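The values are calculated or read from the model by the stated rules, or taken from the named source; none is laboratory data. Keep in mind that this is a model prediction, so the values were computed, not measured. Cβ sites come from the backbone with ideal geometry, for glycine too, and all protein chains shown count toward neighbours. The accessibility values were calculated without ligands, DNA or RNA, using every heavy atom of the protein model including side chains. Shrake-Rupley method; radii C 1.70, N 1.55, O 1.52, S 1.80 Å.
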Amino acid sequence: MRSRTFNERGRECICLFISKLSTWHIFCYTVFIMRYTCFILLVLLSLGQLNAQETLRLTLNEVVALARKQSPQAVAARHQYRAAYWNWRSFKADYLPSLTFSSSSQLNRSISPITLPDGTDSFVQRNQLLNGGTLTINQNVALLGGSFFVQSGLQRLDIFSERQKSFKSTPVLIGYSQSLSGYNSLKWNKRIEPVRYEAAKKQYVETLELTASAAAMKFFQLATAQSNFQSASYNYANADTLFHYAQGRYEIGTITENEMLQLEINYLTEQTNRLNARIEMDDRIQDLRSFLGITENVDIVVDVSESVPDFTVPVNEALQLALQNSPDMELLALQKLQSESALASAEASRGFKADLYMQLGLSQTDTHFDKVYQNPLNQQLVSLGIRIPILDWGVGRGRVEVAKSNLERVKINIAQAQIDFEANVIKLVKQFNLQAAKVAIARKTSERAARRNDVAYRLYLLGKSTVLDLNAAIAEKDRSQRYYISELRSYWSLYYGLRSITGWDFEKNHPVLNEVID
């Protein structure tokens, strides 16, 4: 007698196991298998509907990268930063030497009065053309608030009525002009504009990080909608199976009509929930597509990663980096500087005012061009204008007092804003340091709830549980899954919020500024 093979022994074990089962147990296990088969068919049908048009699968990192690159918010922030950059370049150019060329032409054909040597006036016909050109090098002096310049020019005068021409040359002319009122706009701009540009850079970084945070929010909104749709499809498959199962049990009298009607209500409710979940998912797809600036009509499927970076942010370090890198601090410093500048301007405009203009150079004139640069003559000009207000009925004093009040108000607001800012940073860091643990707890809760739902389903099929217990397990499964995705969304919102307020990537330990500004 030959020995039995492994397959033959396996078939005998299966037959023995089936012979021990009752007809009812076999029916329950058959229904259990049908349940998963129905669920798989529903999912495949849904995927088929999604694939009817092009489907774009995106991870969170890909969504954030697209948002930083092409979202309307990121594009607007990029152009705003570029405008600030060119304003900064223009400001720096004010303190560099400038070279300009200017020319003019004047034709005069008229009858004009002139004063004769004997003091009488007479009308004379003029018919002349004056052409001239000047080359000027100008340099602003920030320390003094004035302007130093060097000029060289040439003029030609043609008198057509007498058929005469003459030239006037200015080989070199050195001059200096300055307001002596006491307010040096060049000095104040040199203090204000660097702070303004630094604030613009930090605002750009903050805006991109806030855009990333908003992208993460919309990513998880779609993830929630997708999860709800999958859960609704899963629940609908279960409800359909249980309803048909209840009809069979009701016909043989093992369940009451009330229980069968309850299962039918569950079936209809899950059908409606699935339709609503599909509508919600389509809305979230459209919302994310619009936010990312995707114009093509594509479906988006997001892939949610269950792992999150697990690191702890030191509170004191985060606070120091926030004070150093946040645009809020730069904007507060800018407000203070602007108020101090306004006060200095008000005090300068109240009292003594004087304007100084000096120039020293050489010039010559001749009827022949080749002689106009020979033996030039000296020329000097000094102009000093003085204005002293004697009676202004307190206008100047009022402007000074208003500027002082504004400066004190700004100082108080800055002190309070800094206190609130530091408190917000500390709160944000503490929440972030706890969020990774909350995500892990929520994930474990979701897994246990899903397992409990499967157990409750099997117990109900075996007649060892009630419909109320089954409905409670289904509700708990859906609620825990939504809560898990909500905790993931909170984590990434805190993650990018912390990057935006501190300007620092704590995961890679380098400034965020290096990532967004070349």
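Ordered from highest to lowest accessible area with the whole protein assembly present and a 1.4 Å probe, GLU54, GLU306 read as GLU54, GLU306. Computed in the context of the full set of protein chains, the accessible area of region 140-243 at 1.4 Å probe radius has 53% of its extent on carbon or sulfur.
Under 21 Å from the Cα of LYS165, which lysines turn up, not counting those fewer than eight places away in the same chain? Within the straight-line limit of under 21 Å, LYS165 reaches these lysines: LYS371. Here the Karplus relation 6.51 cos²θ - 1.76 cosθ + 1.60, evaluated at θ = phi - 60°, turns the backbone of region 130-143 into coupling constants of 10, 10, x, x, 9, 10, 10, 10, 10, 9, 6, 10, 5, 5 Hz, with x for every Gly and Pro. Scaled against 2.2 N^0.38 Å for its residue count N, the alpha carbon radius of gyration of region 134-200 is 1.84.
What would the Debye equation give as log₁₀ I(q)/I(0) for region 71-172 at q = 0.15, 0.22 Å⁻¹, counting only Cα atoms as equal point scatterers? After summing over all Cα pairs, the log10 values are -0.84, -1.12. Legend: residues VAL195, VAL64, VAL124, sorted from most to least accessible area (1.4 Å probe; ligands, DNA and RNA excluded), read VAL124, VAL195, VAL64.
The angle between the Cα long axis of helix 72-93 and the longest principal axis of the Cα atoms of the chain comes to about 20 degrees, rounded to the nearest 10. Write down the accessible area per residue of region 408-483 in Å², having rolled a 1.4 Å probe over the full set of protein chains. Using a 1.4 Å probe on heavy atoms only, each residue of region 408-483 averages 58 Å². Pull out a ≥ b ≥ c, the square roots of the eigenvalues of the alpha-carbon gyration tensor of region 341-439, then state rounded if a/c is under 1.5, prolate if not and a/b is larger than b/c, and oblate in the remaining case. Oblate shape, in that a/c is at least 1.5 and b/c is the bigger or equal ratio. Helix 467-502 and the longest principal axis of the C-alpha atoms of the chain enclose an angle of approximately 20°.
What percentage of all Cα-Cα pairs in the chain are separated by more than 44 Å? For the chain, the fraction of Cα-Cα distances above 44 Å is 53 percent.
Normalised by the number of residues in region 427-504, the average gap of Cα pairs under 8 Å and 6 or more apart makes the relative contact order 46 percent. Applying Stokes-Einstein at 4 °C and 1.567 mPa s to the Kirkwood radius of region 370-518, computed over alpha-carbon pairs, gives a translational diffusion coefficient of 55 µm² s⁻¹. In loop segments of region 112-201 as defined by DSSP, the chymotrypsin sites (Phe, Trp or Tyr not before Pro) with at most 15 further C-beta atoms inside 10 Å of their C-beta are PHE160.
In the chain, the DSSP-assigned H stretches of four residues or longer account for a calculated mean residue ellipticity at 222 nm of -22000 deg cm²/dmol, using -39500 (n - 2.57) per stretch and the full residue count as denominator.
Compactness ratio for region 109-240: Cα radius of gyration over 2.2 N^0.38 Å (N = residue count) comes to 2.63.
According to the Kirkwood relation over distinct C-alpha pairs, the hydrodynamic radius of region 389-477 is 19.4 Å. Listed by chain and number, the lysines whose C-alpha is less than 30 Å from the C-alpha of LYS218, apart from same-chain residues fewer than 8 away, are LYS69, LYS201, LYS202, LYS427, LYS430, LYS438, LYS444, LYS477, LYS508.
Centre-to-centre separation between the Cα atoms of region 150-177 and those of region 274-332: 68 Å.
Whenever you get a sec, compute what percent of the accessible area on region 410-496 sits on carbon and sulfur atoms (1.4 Å probe). Reported share for carbon and sulfur atoms: 55 percent. Here region 322-403 has 56 percent of its accessible surface on carbon and sulfur atoms, given a 1.4 Å probe and all protein chains in place. Taking only C-alpha pairs under 8 Å that are 6+ residues apart, what is the relative contact order of the chain in percent? Normalised by residue count, the contact order of the chain is 19 percent. Computed from Cα positions, the angle between helix 23-50 and the longest principal axis of the chain comes to roughly 20 degrees.
3J(HN,Hα) along region 186-192: 5, 5, 5, 4, 5, 8, 7 Hz, from the Karplus curve 6.51 cos²θ - 1.76 cosθ + 1.60 with θ = phi - 60°, whole Hz, x for Gly and Pro. Accessible area per residue for region 219-341, computed on protein heavy atoms with a 1.4 Å probe, is 47 Å². Here the relative contact order of region 213-280, from alpha carbon pairs under 8 Å that lie six or more residues apart, stands at 45 percent. Less than 5 angstrom separates the built amide H of VAL301 from those of LEU56, ARG57, LEU58, all sequence-distant by 5 or more or on a different chain.
Here region 104-164 yields Rg over Rh of 1.25, to two decimals, using C-alpha coordinates and the Kirkwood radius.
Shape class of region 244-363 from the alpha-carbon gyration tensor: prolate, with a/c at 1.5 or above and a/b greater than b/c. Sequentially through region 396-406, phi angles give Karplus couplings (6.51, -1.76, 1.60; θ = phi - 60°) of x, 5, x, 5, 5, 5, 4, 5, 5, 4, 4 Hz, Gly and Pro residues having no value and appearing as x.
GLU251 exposes around 150 Å² of accessible area when a 1.4 Å probe is run over every protein chain in place.
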